[in-house]
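Structure, as structure tokens:
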């Protein structure tokens with residue numbers, strides 16, 4: 001029983017990862033706070 005469970009768990013994990021890659025999200029990619037400040041800094045400086 002344990003052997004079957006281990007095999008099934010491994011296969012289910014692979015399937016779950018593959019399905020997750022196929023799903024498309026509308027969520028924007030996370031940008032760290034430090035990078036956001038660096039991006040905003042040149043825009044805020046007067047010329």
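Dividing the summed helix terms, -39500 (n - 2.57) for each DSSP H run of n ≥ 4, by the number of residues in the chain produces a 222 nm estimate of -23500 deg cm²/dmol to the nearest 500. Each of residue 31 and residue 11 was given a label point 7 Å from its Cα along the Cα-to-Cβ line. The distance between the two points is 4.4 nm. Taken along the Cα-to-beta-carbon direction at a fixed 7 Å, the label points for residue 41 and residue 4 span 6.1 nm. Taking square-rooted eigenvalues a ≥ b ≥ c of the alpha carbon gyration tensor, is the chain rounded, prolate or oblate, where a/c under 1.5 means rounded and, failing that, a/b exceeding b/c means prolate? Cα axes put the chain in the prolate bin.
Laboratory data are not the source of any read-out in this text; all were calculated from the coordinates shown. Since we're looking at a predicted model, the values are computed, not measured. Neighbour counts are summed over all protein chains in view; Cβ atoms, including those assigned to glycine, are modelled from backbone coordinates with ideal geometry.
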